Amino acid sequence: MIESISNLWSIPLLVIIPMLTAIIVNFLYDKAIKPIAISSAIVILIISIISPYGYHWFCGHPALNPETLTFTFNPNIFGYKLSLEFIFGPLQHIMIFISSLILLFCVILSTIGLTKHQGPYIALLFLLFMSSAIVIMVNDLYHLWIAVEIGSLIVVGVAAASGTSISHKAALKYGLFSAISGAGLAVSLALILGLTGFANISDAIMYLKQFNIGEMSTVLYIAFGFFVLSWMYAGGLAPIHPLKSEVYGASYPHATTLLQAQSKLMLVAIGIIMLRLFGMLPFVKEVMIFLSVITMMIGVIMALIQIDFRWIIAYLIISHSGFVTLGIGLGTYEGLIGGIFQAVNDIIYMTILLLCCEALFYFGGKTSTKEAYGIAKKSPFIATATILGAIAASGIPPFNGFQSEIILIQACLKEGFPEIAVLILMVSVTTFIALLRGIYRIFLKPPELQSYDDSNVDLPKVLIIGIIIFIVLSIIIGIYPDIVLRFIIPVVKEVLSI
Amino acid sequence: MMLGEITPSLIALILGIIFGTQLDYKLTKGMIILLISFSIVASLLFGVFTFTYSIYGGYIAPGIGFSMPLITATIGIIIGKLLKG
Amino acid sequence: MEELKGKRGIIALIALIIITIGFLSSLIKLTGRVNPGISEVYNALAYLVAPNNLATWVYDWRGFDTLLETAVIYVGGLVSALAIGRGVVQMKKCKQESPVTSKPLEFRTESLTVILKYLGIPASILLLSYGIMVVTGSSTSGGGGFQCGVIMTSGYLLAAILYGKDTPIKFGKRFIIGIGAIGLGGYALLGLPGYLVTGYWQYNIGADVWGLAPSILHIIFGDPFRLSLILKEGVFYSTPGIIPLINIAEAFNVIGAIGLIYFAFLYGWSDEGE
Amino acid sequence: MTSTETFYEKLKKWLDSFITGSGYTSITTGYITGELQFLLFIIVLSVFFRLFSIPLAIILLIFTTVFALYFSPVIKDVEKENMNDLNRVLYWMVIYFAIIIAITLWGG
C-alpha cells in the first residue's frame, strides 16, 4: 500500500513552498503579492493531488537495524530512525488535498476582499496551511510539538490580524493558553522520551510493545494526561472551547475555514497518535469519549444561545469537533472510520457555511441575528447555499454529513453505547435548529423598513465558485462516500493492526 | 592549518560590513582606535579553543588564542560605516 | 481573581494537588531509569560532522526541527508586529471599527550620565561584533545562530534605549524585515542542494557522512570549514558542511524577528514607508 | 382548578426567568431549547452509570432528573460557566486535568 521510498519528493515541497511563499509575501510590496500567492497555492494543490505515497527522512540519515547493527535507507526494513520522518499516505493525501483547496480560495478571497498591506496576513495563511500539513504528516514526537506550537502561534496571528478589539482579545487569550498546553505537550514528550528513548513515534510504540514497562505505566499515564491537554487546546475541546470559538468567531470567515481545517487535522493527527501510543492502557479511550461527548453537547448548547451568526457557526465547529474525537476515542474499526470521515465532511460543510458568512461581509458585514436584513431577496443564491450548508451540517441524507454520522452512530451501537448514539442524533437536530435561527433572521425575515438598503451588491465570482465547488463536493461525498472512504480505510486498518 | 580556521574570519568581515552600513553615527579617529583595541582585548578573553591549531590559536604561546572573527568583525563594521559615508 | 475565591478556590487547590502528586510520582518513577534510546547512536556518530556535538545534534540530526523552531521565532516577530499594527487588514466592503494600534514609546534621553553617553556606542558596536564572532564559531564552540541573534539585537536594544530616536544603530524597517526573510528563506533553501542531489531535504552534503553526494559538492560545501582535530587518539579531520551557513541564516532570522519586535514596540508602526 | 393555575403560573415564571433585560423571542427560544438539551444531556450522562451497575444508574437517573427540574433554569449558569473569562477557563482546565489524571492513575 505504501511504497518503499524514504526520499519522496513531494513532502519537503509541501512544507517548504508555503514557508518560502510566506517569507516572500511578507517582504513584498502590494502588487506582486497576488500573483505569487495564488500561483504557489495552485502549485501546492497540484502537488497534493499528484504526489505518490511514501516517506521522507529529512536530513538523509538512515535507520539503524537493532539486530544486525547495520544502517539502511529502506523504510520497509525495520530500524530505529536517525532522522526526522514524515509520511505521505492516503490519509495525508485526502486531508492535505482538502486543506490546500481551502487555502487556494482563502488566499484569493483575501487578495480580493481586503485592504492593502495584506502581505503579513497572507503569509500567516500560508504558514497556517504549513503547520496543518506538518501535523498530519509528521511521525515524530518532538516535531509534533513544534508543529502544534507554531500552529497555535499562527492562529493567534490570524485572529489578531482582523484588527478589532474583540479579535485582539481573543488572540491574546488563546495565545496565553498556548503557553500552558505547549508546555504540557513538551512535558508529555519528555516523559515518553525518558521512558523509551525514541522521538520517532513508530519506534517509541515498537519499544513499548517489545518491552514490558510494568510499573512504569504511571509515567505513561501522566504523559497521556499532558497529551490530552494539548489535544484539547489544539482542537478546542471542552474546557478550552470558549477561547477557541472566540478565535473562530473573531477572525474573518475565510480565515476561519482554514483555522477549522487546521484544528480538525490536529484533532485527527494527535488523536491517532494518542490511540497508537496509549491505546493499550485502560481508561484511555473512556477519557477521550468523555471529553468528546461533553464537547459535542456544550458546543451545541452554546451555539443555541448565541446572537451572532458567526458565533453560532464557531460553536458548531467546536461541537462537531466532538464527533471527530468521539470516533477516534471509540478506537474501533467503524469508530475510527467514522471519526476521520467526519473530519473530512466537517471541513467541507463548515467551509460552505463560512463562505456564505463571508458573503455577508459584502452586504455590510452585519451578522447579528438581532436585526433582520432580508438578504434572501438580494441574493437568493447565498440564502440557498446557506440553507444547503445547514442541511449538510445537520446530517440530512443527500449530503455528506449524513454518511459519517450514520457510521458513527453504528459504531456507538456496536460498542454498546446507545446513549451516545442518541446524543449524536440530538446534536445533529440541534445544529439545524441553531443554524435555522440565524438563517431565518438574517436571510429570510423581511427587513424592517428603515434599515433596508436596496443597493445591488456584486459578490466576487471566486466566492460563488467556491461555494458551488464545496456544495458539489458535499453532495458527491454524500451520494458516493467511497470516494473518501477508500483513502481512510487503509489507514484505519494500519492503525488498528499496530 | 586548515581552511576552516580562515573562513570564519572572512565571513565575520563580510557580516561586519553588512551591519556596519546600518550605523548612523560619525566615527571619530579616537573611537576607531578604541573599538579596535577593545576588540583585541576581547578576542584574547574569548580565545578560540586550542584544539583547532592555527596561527592565532595556540601557536603564539600555549594556552593563548586570539579569536580572530571578533577583530575582523569590528574591522568589518568600521569599513561598512566608512563605505556608507 | 473573583472566580478563584471560596469554594472554587478549594476545589482548584485539591485538583492542583492531585496533578502535582501524579506528576511528581511519574518523575520519581523515571529517576535513574531514563532510557538513552537512539541518543547513543547519535553521540557515537556526532564526531563525523563537527567538533561540537551540540551543533551536530541541533543542526544536522535534527536540522529540520530547527528550521521549524526558526520559523516559530519568525512567526513570533510577525505576530508581535501585528499586535502593533503592521499587516492588520480590513474588509474593503464594510465599515469596521478602526484597527487597534499602539503609540510608540516616548524617549527621554537628556539625563544620560557621561559614562553611558560615551561608552554606550562602543559597547553596542562591540556587542554586534561579539555576536558575529559567536555565529562564526558555531560548529566548534558553544553558541550559534540563536545566541548570535539575541546578542546582536541586545546591542541594538542597548543603543535604542540609551539614545532614543538618535540611536547609532539604525536598522530600517525594510532592512529588518529583509534580514529576517533572508534568514528563514536562506535556512530553508540550504536544504535544496541536498534535495536535488540525493533526494533528501537538508542532507548535509558538505559533511556527507553517508557518502550520497558527489565529491565535487562535498569539496565545495565542506572544505571551507574543514578543521583538524588533534586528540589523544590521533588527528581527525572533520567538516561541519552546511552547519556554519545554517547558523548564519539562523542568526539573520533571529535578528530580523527580534529586531522587528523591538522596533515595533519602541517606535510604533505606520505602513506609509512600506 | 387551583393546581392547573399554579402549574400555569409556574410555567410562566419559568419562561420569564430566561428573559433578562430587553428580551426578545429569538433568543428566548434558543435559551429554552438549550435548557431542554442540557437537561436531556445530564439525564443521558446519568444513564451511563449502568456500565458499573444498573440500580445505581436508576437511582442516579431519578436523582438527576429531580434535581435538574428543581434547579431549572440552569442554562444561565451553563452560559456563565462557559464564558471566555481566562480565570474560569483556567479553573475548568485544572479540574478536567485533575479528573483525567485521577481516573487514569487510580482507575487503571
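Just to confirm the number: angle between the C-alpha axis of helix A:284-304 and the first principal axis of chain A, 0 to 90 degrees, nearest 10?
That helix lies at roughly 10 degrees to the long axis.
From other protein chains only, count the Cβ atoms within 10 Å of every residue's Cβ in A:151-160, then give the mean. Present the calculation step by step, with values, prior to reporting the outcome.
Working: counts 1, 0, 8, 5, 1, 5, 9, 2, 2, 8.
Per-residue shielding by partner chains comes out at 4.
Once you have a ≥ b ≥ c as the square roots of the Cα gyration tensor eigenvalues for the stretch A:1-281, tell me rounded if a/c is under 1.5, and otherwise prolate or oblate according to whether a/b is larger than b/c.
oblate
Given a Förster distance of 56 angstrom, what is the FRET efficiency for A:Asn212 paired with C:Ile10, based on the Cβ-Cβ distance and rounded to 0.05? If you can, show how the numbers build up before the last one.
Details: r = 40 Å, r/R0 = 0.72.
Once rounded, the FRET efficiency stands at 0.90.
Along the Cα→Cβ direction, 7 angstrom out, place labels at A:Glu371 and A:Ile38. What is the inter-label distance in nm?
Inter-label distance under the simple model: 3.4 nm.
C:Ile21 to D:Phe52: FRET efficiency via 1/(1 + (r/R0)^6), r the Cβ-Cβ distance, R0 25 Å, to the nearest 0.05?
0.50
Hey, got the average number of other protein chain Cβ atoms within 10 angstrom for residues in B:11-21? Present the calculation step by step, with values, prior to reporting the outcome.
Values: counts 8, 6, 2, 2, 12, 5, 0, 4, 13, 3, 1.
Counting other chains' Cβ atoms within 10 Å and averaging over B:11-21 gives 5.
What's the FRET efficiency of A:Phe432 with D:Lys76 using the Cβ-Cβ distance as r and R₀ = 30 Å, to the nearest 0.05?
It comes out at approximately 0.80.
Show me the ranking of peptides D:59-66, A:43-50, C:77-84 by mean Cβ neighbours inside 10 Å, starting with the highest.
C:77-84, A:43-50, D:59-66
Give me the residues in the stretch A:299-331 whose solvent-accessible area, probe 1.4 Å, is reduced by at least 30 Å² once all protein chains are included instead of the chain isolated.
At a threshold of 30 Å² (probe 1.4 Å), the residues of the stretch A:299-331 that become less exposed are A:Ile301, A:Met302, A:Leu304, A:Ile305.
Using Cα pairs under 8 angstrom and six or more residues apart, how large is the relative contact order of chain C, in percent?
27
Sorting check: for C:52-62, B:17-27, which peptide has the highest mean count of neighbouring beta carbons within 10 Å, and how do the rest follow?
C:52-62, B:17-27
Going by average Cβ neighbours within 10 Å, how do the peptides A:6-14, A:414-422, C:166-174 rank, with the highest at the top?
A:6-14, C:166-174, A:414-422
May I ask for the accessible area buried between chains C and A, both sides summed, probe 1.4 Å, to the nearest 100 Å²?
Details: alone 17060 and 18960 Å², together 29340 Å².
Summed over both sides, the interface buries about 6700 Å².
Taking 8 Å as the Cα distance limit and 6 or more residues as the minimum spacing, I'd like the relative contact order of chain A as a percentage.
Over chain A, the number comes to 13 percent.
Need one value for A:95-107: mean number of C-beta atoms belonging to other chains within 10 Å of its residues' C-beta atoms.
On the way: counts 0, 0, 0, 0, 0, 0, 0, 0, 0, 0, 0, 0, 0.
Taking the mean over all residues of the peptide, I get 0.
Find the centroid of the Cα atoms in the stretch A:333-350 and in the stretch A:25-87, then give the distance between the two in whole Å.
25
Per residue of the stretch A:482-496, in order, report the coupling 6.51 cos²θ - 1.76 cosθ + 1.60 (Karplus, θ = phi - 60°) as ³J(HN,Hα) in whole Hz, putting x for Gly and Pro.
4, 4, 9, 4, 5, 7, 7, 4, x, 5, 4, 4, 5, 4, 6
Could you state the number of Å between the C-alpha centres of the stretch C:240-268 and the stretch A:372-391?
49
Which shape class applies to chain C: rounded if a/c is under 1.5, otherwise prolate when a/b exceeds b/c and oblate if not, where a ≥ b ≥ c are the square roots of the Cα gyration tensor eigenvalues? Can you show the working numbers first?
Numbers: a/c = 1.74, a/b = 1.24, b/c = 1.41.
Oblate is the answer for chain C, as a/c is 1.5 or above yet b/c matches or exceeds a/b.
My understanding is that a pair violates if its Cα-Cα distance is over 24 Å; which of A:Lys34/A:Lys169; A:Lys34/A:Lys461; A:Lys34/A:Lys366; C:Lys103/C:Lys165; A:Lys244/A:Lys366 do that in this structure?
A:Lys34/A:Lys169; A:Lys34/A:Lys366
When chain C is treated as a GNM, springs tying every alpha-carbon pair under 10 Å, which of C:Ile242, C:Ile11, C:Ile182 comes out with the largest mean-square fluctuation?
It is C:Ile11.
Label points 7 Å out from Cα along the Cβ direction at B:Met31 and C:Glu106: separation in nm?
For B:Met31 paired with C:Glu106, the spin-label model returns 2.9 nm.
With charges set only on the Cβ (+1 for Lys and Arg, -1 for Asp and Glu), what does the dipole of the stretch C:167-269 come to about its Cα centre, in debye to the nearest 20? Please list the in-between numbers first.
Numbers: 5 positive and 4 negative charges, 85 e Å.
Its charge dipole is roughly 400 debye.
So, in nm, how far is label A:Asp30 from label A:Asp458 when the simple model puts each one 7 Å beyond its Cα toward the Cβ?
Result for the modelled spin labels: 2.0 nm.
Could you size up the charge dipole of chain C around its Cα centre, putting +1 on the beta carbon of Lys and Arg and -1 on that of Asp and Glu, and report it in debye to the nearest 20?
Around 720 debye, computed over chain C.
Please name which of D:Ala57, D:Met93, D:Phe71 has its Cα lying farthest along the dipole of the stretch D:36-100 towards the positive end, using unit charges on Cβ (Lys, Arg +1; Asp, Glu -1) and the Cα centre as origin.
D:Ala57
Rounded to the nearest 20 Debye, what is the dipole magnitude of the protein assembly as shown about its Cα centre when Lys and Arg each give +1 and Asp and Glu each give -1 at the C-beta?
Roughly 1400 debye, rounded to the nearest 20.
Any idea how far the Cα center of the stretch A:186-222 sits from the one of the stretch A:111-135, in Å?
36
Given H placed on each backbone N at 1.01 Å, which residues far from A:Asp140 in sequence or on other chains put an amide H within less than 5 Å of it?
The answer is A:Ile201.
The values are calculated or read from the model by the stated rules, or taken from the named source; none is laboratory data. This is a predicted model, so every value here is computed, not measured. As a convention, Cβ positions derive from the backbone with ideal geometry for all residues, glycine included, and neighbour counts pool all protein chains shown. Keep in mind that these areas ignore ligands, DNA and RNA; they rest on the heavy atoms of the full protein, side chains included. Shrake-Rupley method; radii C 1.70, N 1.55, O 1.52, S 1.80 Å.
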